[in-house]
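Structure record follows, encoded as C-alpha cells.
The values are calculated or read from the model by the stated rules, or taken from the named source; none is laboratory data. Source: prediction; values computed, not measured. So basically every Cβ, Gly included, is an ideal-geometry build from the backbone, and we count neighbours across all protein chains shown.
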Amino acid sequence: MKIKVLGSSAGGGFPQWNCNCRNCDGVRRGTLKATRRTQSSIAISTNGDDWLLVNASPDLLTQIAAHPELQPARRARDSGIAAVLVMDAQIDHVTGLLMLRERDTPLPLYATDAVWQDLSSGFPVGPILSHYCGVEHRRIALDDAPLAVAPLPDVQIDALPLSSKAPPYSPHRNAPERGDNIGLMITDLKSGKRVFYAPGLGAIESHVLAAMREADLLLVDGTLWTGDEMIRLGLSKKSAADMGHLPQSGPGGMIEVLDSLGTGRSRKVLIHINNTNPILVEDGPERRVLTEHGIEVAYDGMNFEL
C-alpha cells in the first residue's frame, strides 16, 4: 500500500495568502528555514496507477501537477484518481471536488450521511456536479462494518466518528451529528500494516486512542502548537479547542498523547499544520522538541509504503 501526502497544511496553505505572521512573512522573504505547503490531502494506491483521493483540497490542481501518477495519460482524457473519500464537509477538504467536473464518468464519492447532507445543501457540491460529470454517493455507514473501496483491492478502511462541529454553512452546525467528522483506520490486508489518519482531532476519545495504539503509521492533527496560538497572535478569537483541534504542547496535548503510545511501535507524523505553527520552522526549538519525542512533521510529497 502506497500513501502520498499531497498537501500537509491546514486551511489557507502556507504561506496563507493574506497572512503576515512571522512564519508566512519569513517564508516569503526567505528569512526562515521553512517549506511551502498546500492544503491537506492524501492519496492511497495498491498498484501505483489507481488512487483513492482522501479529501479534495482547493489546491488539488497544483497537487495533481506535482504528482504525475495522478495524471497517467493512458488515453485522451484520463486521471489516476479513481474515487474520492471526504472526511468532513469543510471548505479546505471538499472544494477540490469542483475541479474534477471534467470527468467523463460520474465521480465515486465516499462520505457519511452527515457530510453528504452538507454537500447536498449548505455547500451543494453534489447538485452542482450533477450538471457536469455527476456524483455517485457511496455511503460510509459508521456501523462498524469495514469499507471496501473499489480502487483499493486488499485494503480495508474503518471509519471512526470524531467529536467535532459541522461547517458554518451546515444545516446542523449547532446540532452536531455523528459522522460530521471521521478518522480512518486503513489496513493493508496482505501485510497487516495499519495507518490511522485524522487531520482534525479535537478530543482523544477511548475508541480513537485504541485505534492509535494499533497503528503502524499515525498521520494526526498537527494544526496548532498551543491552545491560544491564534488568540495570542491577534489572528482570531478562537482557541484550538473552539476550532476542533488538540494543540501539540501542554498537558493533554498531542505530544503527551503520542508519548503514551510508547516508542518503536509506530511512526508518528503530524499533518494539517496551520501557517502560524512554529513547528514549520525547521531549525526552531519546537521542531527540536518534536524530534526528541520521535515525532515527524509531514510535508507535501512525503511518501509511505506499508
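Laid out as a table, the results:
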read-out: Qualifying positions in the stretch 122-149 - at pLDDT 95 or above, over 11 Å from A89 (Cα atoms) and assigned to a loop (DSSP other than H, G, I, E, B); value: S130, H131, Y132, C133, G134
read-out: Residue among V195, V208 that is in contact (Cβ under 8 Å) with a residue 12 or more places away in the chain, out of contact with any His (no Cβ under 8 Å at 6 or more places or on another chain), within 29 Å of S121 (Cβ to Cβ) and not in a loop (DSSP other than H, G, I, E, B); value: V208
read-out: Verdict on S45 being within 19 Å of the chain's Cα centre (by Cα) and closer than 19 Å to Q16 by Cβ; value: no
read-out: Answer residue from the stretch 50-76, given it is assigned to a loop (DSSP other than H, G, I, E, B) and modelled with pLDDT of 95 or more and is surrounded by the fewest Cβ atoms within 10 Å (Cβ to Cβ) among those; value: H67
read-out: Counted residues, the stretch 228-245 - those being buried (at least 21 other Cβ atoms within 10 Å of the Cβ) and either in contact with a strand residue (DSSP E or B) (Cβ under 6 Å, 6 or more places away or on another chain) or more than 19 Å from D88 (Cα to Cα) (or both); value: 3
read-out: So H245, is it of a type outside the set (A, V, I, L, M), in contact with a Ser or Thr (Cβ under 7 Å, 6 or more places away or on another chain), under 26 Å from T62 (Cβ atoms) and modelled with pLDDT under 95; value: yes
read-out: Every residue from the stretch 111-141 that is farther than 20 Å from H172 by Cβ and buried (at least 20 other Cβ atoms within 10 Å of the Cβ); value: L129, V135
